[in-house]
Each structure stands twice: as structure tokens, then as C-alpha cells.
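Novice: Let me begin by handing over the structure; questions about it come next.
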Amino acid sequence: NPAMPANFIEVIINEDIKTGKYGSRVHTRFPPEPNGYLHIGHAKSICLNFGLALKYGGKCNLRFDDTNPTKEDVEYVDSIQEDVKWLGFDWDDRKYYASDYFEKIYQYTVELIKKGKAYVCDLSAEEMRQYRGTLTEPGTESPYRSRTIAENLALFEKMKAGEFAEGSRVLRAKIDMSSPNLNMRDPVLYRIIRAKHHRTGDTWCIYPMYDYAHPISDSIEGVTHSICTLEFEDHRPLYDWTLAALGIYQCQQIEFARLNLTNTIMSKRYLRRLVEEGYVSDWDDPRMPTISGLRRRGFTPAAIRDFCDRIGVAKSNSTVDVALLEHCIREDLNGQASRVMAVLKPLKLIIDNYPAGQVEELIAENNPENPAMGTRTIPFSREIYIEQDDFMENPPKKFFRLAPGAEVRLKHAYIIKCEQVVKDEQTGEIVAVHCTYDPETRSGSGTANRKVKGVLHWVSAAHAGKAEVRLYDYLLTSQQDQEDEGAEAKDFVDRLNPNSLERLVDCLVEPSIKMPPVGSRFQFLRCGYFAVDRDSVPGKPVFNRIISLKDSWAK
Ligand code: ATP
Ligand code: MG
Ligand code: MG
């Protein structure tokens, strides 16, 4: 949208284009680590990076940041590609892996050692922590810092050859142990990890650190604007140092605020725990804020992109109300989802003056917001089902639904009046209600001008299909912002909502949705928007409630 004011990243890019810093090139990348499934926070980064490339006629790479073999897997690589595509973005032929650069990074590193800018250090992890100092205390130089270039080259070669135990040595940058920035106090560049990498197998037993591999990968790919989240602001000096020390193409890192959502947990670390400890069924459980969970729940890519547009890009962290995401999906579905009738908790209703055995085909509009979606027919007969909640024997004032003696309209059908309640003799539970209908009041018949307040949805007993409906609530109960990185894991389990899933297994649906395709979406009148889950079987579709109809987003 050209009318939208430029966000701060676009301001930087506009300036870079003006000064010709990278010519007129704009080249971004989306760099997930394949150690989990993507979530809605990643969607923000995807929309931003791919969006900038589209806006400026530039390019955006998909790069797997796979420098830590212990946590990564092809399962995640595959799911990430599926999710990016599903969101509507395309990396064309620009799919890369940081692991493709291992040899190159190694070569660069040998050069770095030759320049006297890196050394092999034998301190243990604990010793290194002690030597590092604190924010107020300068660090202490490692006794191994003065190793000669020849010695370092030989040791690094041996590290690579697998001659040392895991954790026994690292390669460190030689920068400044008294830097006020802890990241610059001789950070580790390489560590020994004896694990099979999902792509390079056992070729390597030394792996570059993220902070070191990332700028080099950006540089190799000719990235112009390397956009990352705010936690990396303190790492930027190391990013710049790495490229300058190696003397290779210099791209720039720009930090933006990560997405936090109310009632939502987003770190992969916690999402993994939800899966592994069985709080959810899998990464694509419809309650998960993963892209695959949102997809299964029934969210559309357009709604997620719209959400990412609306939240914008800022330089300071904040928490977005999840109601905005919900608003976006309602807006998108309102114009495109067929309105259908489904009864979640059925109560039998018999229309005593309607001829037994008679079936009428009533005409129903598919979407009043979108007349082009046409109409369908719905069978009506003497025995129908309505929602249990739509009947009360002793209703409070302003209960505009059904009660003894009261009148309501059955959507697309007739006005009915409640004549009698049938109860189970043992339990006292209401098992059916008897009504009469007014034949003069058929919807759309021209004589339907008599008005009543309540309009109920229903299904014809003889024609309805069975269905399961799954209703969802937030995974986290509290309104507090999402977990901060240091939060105790216990907090997060304590805040889990025990009622985040409600399964209703005896629902009844109108004939048009007896066997809808998996993934199709509907508005169940008065109940919300629903999507067909892949757990559906012939004769029993499963519907996920995407979202209720009531919009709580304060504009
Ligand atoms: P997590 O903390 O959830 O594990 P991560 O940042 O470690 O996320 P990566 O796979 O490294 O996960 O993320 C890929 C890209 O997505 C990074 O550029 C990162 O900045 C971005 N990203 C991750 N989480 C968010 C978020 N909540 N909001 C915006 N961008 C995010
Ligand atoms: Mg990361
Ligand atoms: Mg992470």
C-alpha cells in the first residue's frame, strides 16, 4: 500500500537506495533454525522479509540456519517450507542452508587465524564464564590468548580432524576482554560437537556459532538488510566485526521488535515442551500458535498476512492483543464462509401440527454478505433439533429464545410456539419440546411479516448428519504478556488453561455439510466459524471452531 507511511526499516532502505549503499538492491532473507515448527511470530518476520523484497522489487532468500546439529531435523526443514509457501511467499530458487557454507566458513576462519584475530582456547566453559567478567567488571584474558598463529592453525586443524574431545577446546575471536559489550569479550566462534548433522552427516565435528555463521552467510548471499529481532542488538558489533575482520562484503543488521501476543506462548522451546509433555496433541494442534496449528484450526493465510500488516514494525517490544488476530480472521471469513446450520447440543423439537412424513425444501441464502454465493435448499420436517441452550423452562426476562408459550422463528422456516415440555420421569431432564407452527409465516413467502424477537438455528432430525465439534479456548489463562525468556518453566505449566479444548461428539449438521472437504470453512449460524479437521471420517466430520462470532477487538 503506497499510501502507508514507511516503517523505520523502509526509511533505512529508502535512504540506502538514495545513497546507493548497495546500488538499488534490496535483498533480505528469512533465516529459521530447523529445530521446531514456525509460529505466528515467525509469520511476522516472513511477511516483513518477503514483503520488503516484493515492495522494492528485490529478493528474499529462505535460509536454514542449521549450525547446531543436536537440535535440528529434516522434519522441521520440510514443515518450514510448507508453512512459508502456505503463507503465500516464494523463495524461487533461493533456498540455502548455512551448512552449505561450512567449508567456506572454515576457509575464512583459517584466514582469520592467519590475521591473528582468532585463537584456540582450552578453558572450560565454567572457566570461560569466570574470565568473561560482568557488566561492571572487565574480563580477564585467557592464558591461551597469546598462542602463536602457527600454534592456533595447527590446533584448529586438529579440532577439525576430531582429535579433541567435545567441549575440550573452542576457537575464539581475539577482540577485547574489557569491552563494555560482553559479546565482544573474545566470543566463541567454533565449538566441537560430536553429533550427526541432518545434512552434512559426520563430515564435521566443529560447528560455527550462530553469531559467527550468520553474518558470513548473509555476506555470501549478498544480503543487503539482515533483519532480526531486538535481542540481537547487542550482537550487532560482533556481526560487523566478523565481516570487517574477514574483509568480506558487508551487509547490515537491523533489529525490530519481536511479536508477543496475549494468552500466547511463542518460544519454540516452550512449544516443544507442550508437544513432548503431551499438553497438546502435536505441533499442529489447533490450539498451538504454530503456522501449522493455525492452518489446521482454519485460519487463512490472508488473515495472518493482514494481521502482520496491521501490527506493523516497531523498534521497542510490546504485546499485541490476540483479539486483533481474531478480528482479522473474522473479517476475512465474513465475506467468504457459507452460512450453514449445525446444532452442537441437540434438543428434540416436534411440530405437532406439521404433517408427519412431509418434507419441504426451504431456500436458504449461503452468505447474506455475498449474494454471489447463491442459495441452497434445506429440508424441513415435523421433527427437528434445536440447541439445548435455546430452550428454558423458566426463562429470565429478555430470554428471546424458546420457552413454554413463547414464539420464535426457525431460521429460513416458520414461526413456532412452544406448547409442551417432555421430561425424563427419572431424572427430570428435558428430553423434547412440542410446538405448533404458523403455516402463514414461511420465510420469504411474502406473508412472513409477523415479527418475533428470537431466531433459532435447527436441523431436520431425519436429514441431519452426525458430527464432532471441537471448541477451543486459549492455551494460557493469564492475560499477562507471554513468557519472558528467563521465566521459570513451572510458571508456564501453571498458567496452562485446563479447559482449552471442549469436544462435543453428538452434534448434528444440515445435509449440505455431511461430508465436506477437509480444510473447508463455514459459519455455523450463531455459533462461529468452523473448519473441517483432518480427523474427519465418512459419516462423522470433525469441525474445529476457528473463532466465535463475537468480536472483542477494540478498534
Ligand atoms: P524462538 O525463540 O521461538 O525459538 P528463534 O528466533 O530462535 O525463535 P528462528 O528459527 O531463529 O527462531 O527464527 C527465524 C526468524 O524469525 C529470526 O529472524 C527471528 O528473528 C524471527 N522471529 C522469531 N520469533 C519471532 C517473533 N516472535 N516475532 C518476530 N520475529 C520472530
Ligand atoms: Mg534463532
Ligand atoms: Mg530459539
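Novice: For residues that are within 8 Å of ligand 1 (Cβ to nearest atom) and small (G, A, S), scanning just region 23-42, find the one that is surrounded by the fewest Cβ atoms within 10 Å (Cβ to Cβ).
Specialist: G41
Novice: When you go through (1) under 26 Å from E10 (Cβ atoms); (2) in contact with a Phe, Trp or Tyr (Cβ under 8 Å, 6 or more places away or on another chain); (3) modelled with pLDDT under 95 one by one for S217, which number turns out not to apply?
Specialist: Every condition holds for S217 apart from (3).
Novice: Just checking, does region 51-60 include any residue being in a loop (DSSP other than H, G, I, E, B), assigned by TED's automatic domain parsing to the domain that holds D211 and within 12 Å of ligand 1 (Cβ to nearest atom)?
Specialist: No, the conditions are met nowhere in region 51-60.
Novice: Can I ask one more? Return a yes/no flag: does region 75-89 have any residue that is assigned to a loop (DSSP other than H, G, I, E, B), surrounded by 14 or more Cβ atoms within 10 Å (Cβ to Cβ) and among the hydrophobic types (A, V, I, L, M, F, W, C).
Specialist: Yes: region 75-89 contains one or more residues that are assigned to a loop (DSSP other than H, G, I, E, B), surrounded by 14 or more Cβ atoms within 10 Å (Cβ to Cβ) and among the hydrophobic types (A, V, I, L, M, F, W, C).
Novice: If I ask for residues that are among the basic types (K, R) and either closer than 25 Å to I113 by Cβ or away from ligand 2 (no atom under 14 Å from the Cβ) (or both), which ones from region 222-280 would you list?
Specialist: Correct list: R236, R273.
So that you can scan it fast, the table gives a plain yes or no per residue for (1) away from ligand 2 (no atom under 14 Å from the Cβ); (2) in a helix (DSSP H, G or I):
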residue: I9; (1), (2): yes, yes
residue: E15; (1), (2): yes, yes
residue: Y22; (1), (2): yes, no
residue: R29; (1), (2): no, no
residue: G36; (1), (2): no, no
residue: S45; (1), (2): no, yes
residue: N68; (1), (2): no, no
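Novice: Show the residue pairs meeting these rules: Cβ distance below 9 Å; 6+ apart or different chains; first residue within region 24-36 and over 15 Å from T290 (Cα atoms); second residue away from ligand 2 (no atom under 13 Å from the Cβ) and basic (K, R).
Specialist: Going by the 9 Å Cβ cut-off, the qualifying pairs are R25/K59; V26/K55; V26/K59; H27/K59; T28/K59; R29/K59; R29/R94.
Residue-wise test of (1) under 22 Å from S338 (Cβ atoms); (2) touching a residue at least 40 places away in the same chain (Cβ under 8 Å); (3) within 43 Å of the chain's Cα centre (by Cα).
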| residue | (1), (2), (3) |
| --- | --- |
| P379 | yes, yes, yes |
| P404 | no, no, no |
| H412 | yes, yes, yes |
| E419 | no, yes, no |
| E429 | no, no, yes |
| S460 | yes, yes, yes |
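Novice: Considering N317, N334, which residue is modelled with pLDDT of 95 or more and surrounded by fewer than 21 Cβ atoms within 10 Å (Cβ to Cβ)? It would help to see each step written out before you state the result.
Specialist: Working: N317 fails: modelled with pLDDT of 95 or more.
Testing whether each residue is modelled with pLDDT of 95 or more and surrounded by fewer than 21 Cβ atoms within 10 Å (Cβ to Cβ) leaves just N334.
Novice: Among the residues in region 238-248, are any part of a loop (DSSP other than H, G, I, E, B), modelled with pLDDT of 95 or more and in contact with a helix residue (DSSP H, G or I) (Cβ under 8 Å, 6 or more places away or on another chain)?
Specialist: Yes, region 238-248 contains a residue that is part of a loop (DSSP other than H, G, I, E, B), modelled with pLDDT of 95 or more and in contact with a helix residue (DSSP H, G or I) (Cβ under 8 Å, 6 or more places away or on another chain).
Novice: Follow-up question, since we're still on this one. If we only count strands (runs of 3 or more DSSP E) wholly inside region 185-230, which ones have 1 or more residues that are more than 25 Å from E163 (Cβ to Cβ)?
Specialist: By residue number, 225-229.
Novice: Turning to a different aspect of this structure: Check N370, N394 and return the single one that is under 40 Å from the mean Cα position of the chain (by Cα), more than 18 Å from Y414 (Cα to Cα) and surrounded by fewer than 17 Cβ atoms within 10 Å (Cβ to Cβ).
Specialist: N370
Yes or no, residue by residue, for (1) within 16 Å of ligand 1 (Cβ to nearest atom); (2) polar (S, T, N, Q); (3) touching a residue at least 24 places away in the same chain (Cβ under 8 Å); (4) closer than 23 Å to D494 by Cα:
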residue: E276; (1), (2), (3), (4): yes, no, no, yes
residue: R296; (1), (2), (3), (4): no, no, yes, no
residue: D306; (1), (2), (3), (4): no, no, yes, no
residue: K315; (1), (2), (3), (4): yes, no, yes, no
residue: G335; (1), (2), (3), (4): no, no, yes, no
residue: A356; (1), (2), (3), (4): no, no, yes, no
residue: L362; (1), (2), (3), (4): no, no, yes, no
residue: N370; (1), (2), (3), (4): no, yes, yes, no
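Novice: So R310 fits all but one of (1) within 16 Å of ligand 1 (Cβ to nearest atom); (2) in contact with a Leu (Cβ under 7 Å, 6 or more places away or on another chain); (3) in a loop (DSSP other than H, G, I, E, B); (4) not aliphatic (A, V, I, L, M); what number is the exception?
Specialist: (3)
Novice: Okay, moving on. Looking at (1) on the phi < 0 side of the Ramachandran plot; (2) away from ligand 1 (no atom under 11 Å from the Cβ); (3) surrounded by fewer than 23 Cβ atoms within 10 Å (Cβ to Cβ), find the lone condition where G20 falls short.
Specialist: Of everything listed in (1) on the phi < 0 side of the Ramachandran plot; (2) away from ligand 1 (no atom under 11 Å from the Cβ); (3) surrounded by fewer than 23 Cβ atoms within 10 Å (Cβ to Cβ), G20 misses just condition (1).
Novice: Kindly provide the set of residues from region 397-416 that are surrounded by fewer than 16 Cβ atoms within 10 Å (Cβ to Cβ) and of a type in the set (K, R), ordered by number.
Specialist: Result: K397, K398.
Novice: Cβ-Cβ under 7 Å, sequence separation 6+ or interchain: first residue in region 62-84 and closer than 14 Å to F30 by Cα, partner basic (K, R) and in a loop (DSSP other than H, G, I, E, B). Which pairs?
Specialist: Close Cβ pairs (under 7 Å, with a partner that is basic (K, R) and in a loop (DSSP other than H, G, I, E, B)) amount to L62/R94; D66/R199.
Novice: Have a look at S99, S124, S45, S79 and point out the one that is more than 36 Å from the chain's Cα centre (by Cα) and either among the small types (G, A, S) or outside the structural domain of Y210 (by TED's automatic domain parsing) (or both). Write out each step before concluding.
Specialist: Working: S99 fails: more than 36 Å from the chain's Cα centre (by Cα); S45 fails: more than 36 Å from the chain's Cα centre (by Cα); S79 fails: more than 36 Å from the chain's Cα centre (by Cα).
Sole residue among the options that is more than 36 Å from the chain's Cα centre (by Cα) and either among the small types (G, A, S) or outside the structural domain of Y210 (by TED's automatic domain parsing) (or both): S124.
For (1) crowded, with 18+ Cβ neighbours inside 10 Å; (2) more than 29 Å from H27 (Cα to Cα), each residue gets a yes or a no:
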{"position": "I254", "(1), (2)": "yes, no"}
{"position": "L261", "(1), (2)": "yes, no"}
{"position": "E277", "(1), (2)": "no, yes"}
{"position": "C308", "(1), (2)": "yes, no"}
{"position": "D321", "(1), (2)": "no, yes"}
{"position": "I329", "(1), (2)": "yes, yes"}
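Here is a yes/no grid of residues against (1) touching a Gly at 6+ places or on another chain (Cβ under 8 Å); (2) not polar (S, T, N, Q):
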| site | (1), (2) |
| --- | --- |
| T242 | no, no |
| A245 | no, yes |
| E276 | no, yes |
| R297 | no, yes |
| R305 | yes, yes |
| G312 | no, yes |
| S318 | no, no |
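The values are calculated or read from the model by the stated rules, or taken from the named source; none is laboratory data. Since we're looking at a predicted model, the values are computed, not measured. Here the Cβ is made from the backbone with ideal geometry for all residues, glycine too, and neighbour counts use every protein chain on show.
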